[in-house]
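Peer 1: Quick one: the structure is below, and I'll ask about it shortly.
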Amino acid sequence: MDVKTVPTFKTAFENEVFQGLTAFPKFLSSKWFYDEQGDKLFQEIMKLPEYYPTRKEYAILEQLDVHAFEVDEEGFDLIELGAGDGFKTKVLLKKLREANIPFSYKPIDISQNALDGLSADLKNRFPKLDVEPLQGRYFTVLDELSKYSQRKKVILMLGSNLGNLPHPKAIEFLRQLGDTLNPQDLIFMGFDLKKDPAVILPAYNDSQGVTAAFNKNVLHRINRELKANFEVDHFRHVPLYDPETGTCKSFLMATQEMDVRIESLDLEVHFYKWETIHTEISQKYEHSVIKWLCSEAGLHPKTYFTDEEDYFADYILTKT
Ligand SMILES: C[S@@+](CC[C@H](N)C(=O)[O-])C[C@H]1O[C@@H](n2cnc3c(N)ncnc32)[C@H](O)[C@@H]1O
């Protein structure tokens, strides 16, 4: 019998690629989309005509009265999870500066490249703003947030990033986030709402093929960082939307049978023709589901703001 030992991994990326590509069915987490190339592609996605979430949330933030954060002259710490390039956050930062509300800004992201770009841009735009970036994954940086207990904190999570987690994980995440809150703190979180599937699906399947390139970038990344030989052209980007559950899923589908060698993991991966790797979920919500997630996590949905078409909602959540 050929017994293979599980290798020791130097990074979380190595570990998760091994776990995901030796599982059945195969999967990879969407958090690995975001390297330098992935960050660039996501910035292109945000500008696509089909990609409504950025435009809709931008419109909500443009209308928002920042006094909704209930801050006083003592000021507060604004902590953003999965900040990316901060395109929409800058609307808020500008408003807070104009309202003379003292605050510090702590963007957190798994992508160091995104944080470097954002910090450089903020230095130019708001030279006096106190910016303290932190690189890390959501679940691993939660402890860090507990240290922010001197003054009020507002935790920002825009772009419906929570929707990348299936409901049980989202509840666990919200509960842990709630554990870091003091009574005066709040969470400001984006949720993409259920709507016409004819609007949702093209947002993940644009006519220019940018989303396909974004999805496939994870294979290029494995090739680059883990010395693999994926023939990326032999995979197809396949997005699906289930209007009953509100779950949009993206897959990479092998269009022919093949073997792939991942040198750094000492691993051969076999693909059958039409076999898939599940790479992303983007959950769409009903208000009742948001309420349920919050109650399961011990959070109170205090109020929400939406756009004219009810495509997207930003909620203020507090501790119950
Ligand atoms: C869909 S983009 C949204 C960016 C921004 N919040 C917006 O609304 O435009 C997701 C961002 O979250 C980061 N991210 C994804 N998964 C993450 C994780 N598990 N931990 C930390 N950051 C993560 C990515 O690097 C990316 O910058």
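Peer 1: Could we say that Thr320 is in contact with a Phe, Trp or Tyr (Cβ under 8 Å, 6 or more places away or on another chain), surrounded by fewer than 21 Cβ atoms within 10 Å (Cβ to Cβ) and of a type in the set (Ser, Thr, Tyr) here?
Peer 2: no
Peer 1: Out of all the residues in the stretch 67-104, which are β-branched (Val, Ile, Thr) and either within 16 Å of the ligand (Cβ to nearest atom) or surrounded by fewer than 21 Cβ atoms within 10 Å (Cβ to Cβ) (or both)?
Peer 2: Ile79, Thr89, Val91, Ile101
Peer 1: From the set of residues in the stretch 174-192 that are away from the ligand (no atom under 15 Å from the Cβ) and not in a loop (DSSP other than H, G, I, E, B), which is farthest from Asp307 (Cα to Cα)?
Peer 2: Among those that are away from the ligand (no atom under 15 Å from the Cβ) and not in a loop (DSSP other than H, G, I, E, B), it is Asp179.
Peer 1: Something else now. Is there a residue being of a type in the set (Asp, Glu) and either part of a helix (DSSP H, G or I) or open to solvent by less than 10 Å² (accessible area, probe 1.4 Å) (or both) anywhere in the stretch 234-254?
Peer 2: The answer is no, given that none of the residues of the stretch 234-254 is of a type in the set (Asp, Glu) and either part of a helix (DSSP H, G or I) or open to solvent by less than 10 Å² (accessible area, probe 1.4 Å) (or both).
Peer 1: Looking at Pro53, Pro25, can you tell me which residue is closer than 25 Å to Ser207 by Cβ and touching a Ser or Thr at 6+ places or on another chain (Cβ under 9 Å)?
Peer 2: Testing whether each residue is closer than 25 Å to Ser207 by Cβ and touching a Ser or Thr at 6+ places or on another chain (Cβ under 9 Å) leaves just Pro53.
Peer 1: Give me the residue from the stretch 206-220 that is touching a residue at least 40 places away in the same chain (Cβ under 8 Å) and either more than 18 Å from the chain's Cα centre (by Cα) or not assigned by TED's automatic domain parsing to the domain that holds Asp242 (or both) and, out of that set, nearest to Phe271 (Cα to Cα).
Peer 2: For the stretch 206-220, the residue satisfying everything is His220.
Peer 1: Please work out which one of (1) in a helix (DSSP H, G or I); (2) open to solvent by 30 Å² or more (accessible area, probe 1.4 Å); (3) over 20 Å from Ile262 (Cα atoms) is the condition Ile45 fails and give its number.
Peer 2: Going through (1) in a helix (DSSP H, G or I); (2) open to solvent by 30 Å² or more (accessible area, probe 1.4 Å); (3) over 20 Å from Ile262 (Cα atoms) one by one, Ile45 breaks only (2).
Peer 1: Go through the residues of the stretch 93-113 one by one and say whether even a single one is over 21 Å from Asp314 (Cβ atoms), among the basic types (Lys, Arg) and in the same structural domain as Leu78 (by TED's automatic domain parsing).
Peer 2: no
Peer 1: Name the residues in the stretch 238-251 that are touching a residue at least 40 places away in the same chain (Cβ under 8 Å) and over 19 Å from the mean Cα position of the chain (by Cα), would you?
Peer 2: The one that is touching a residue at least 40 places away in the same chain (Cβ under 8 Å) and over 19 Å from the mean Cα position of the chain (by Cα): Pro243.
Peer 1: If you don't mind, there's one more thing I want to ask. So, of the residues in the stretch 265-286 that are of a type outside the set (Lys, Arg) and over 27 Å from the mean Cα position of the chain (by Cα), which turns out to be farthest from Asn15 (Cα to Cα)?
Peer 2: Trp274
Peer 1: Can you pull out every residue in the stretch 1-42 that is at pLDDT below 95 and open to solvent by 80 Å² or more (accessible area, probe 1.4 Å)?
Peer 2: If the condition is that a residue be at pLDDT below 95 and open to solvent by 80 Å² or more (accessible area, probe 1.4 Å), then Met1, Asp2, Val3, Lys4, Thr5, Val6, Thr8, Lys10 are the ones that fit.
Peer 1: Within the stretch 114-148, which residues are within 10 Å of the ligand (Cβ to nearest atom), in a helix (DSSP H, G or I) and surrounded by fewer than 17 Cβ atoms within 10 Å (Cβ to Cβ)?
Peer 2: Phe139, Thr140
Peer 1: Restricting to the stretch 294-313, name every residue that is charged (D, E, K, R) and over 16 Å from Ala170 (Cα atoms).
Peer 2: If the condition is that a residue be charged (D, E, K, R) and over 16 Å from Ala170 (Cα atoms), then Lys302, Asp307, Glu308, Glu309, Asp310 are the ones that fit.
Peer 1: A follow-up question, please. Under the condition of being of a type in the set (Lys, Arg) and under 22 Å from Ala68 (Cβ atoms), which residue from the stretch 149-176 is surrounded by the most Cβ atoms within 10 Å (Cβ to Cβ)?
Peer 2: Among them, the one singled out is Lys153.
Peer 1: What are the pairs with Cβ atoms under 9 angstrom where one residue, in the stretch 149-173, is within 13 Å of the ligand (Cβ to nearest atom) and the other, located anywhere, is among the charged types (D, E, K, R) and part of a loop (DSSP other than H, G, I, E, B)? Sequence gap at least six, or different chains.
Peer 2: Ile155/Asp185; Leu158/Lys88; Gly159/Lys88; Ser160/Lys284; Gly163/Lys284
The values are calculated or read from the model by the stated rules, or taken from the named source; none is laboratory data. All values reported here derive from a predicted model rather than from experimental measurement. Cβ atoms come from the backbone with ideal geometry, glycine included; neighbour counts cover every protein chain shown. When the accessible area is computed, the model is the full protein with side chains, heavy atoms only, and any ligands, DNA or RNA have been set aside. Shrake-Rupley method; radii C 1.70, N 1.55, O 1.52, S 1.80 Å.
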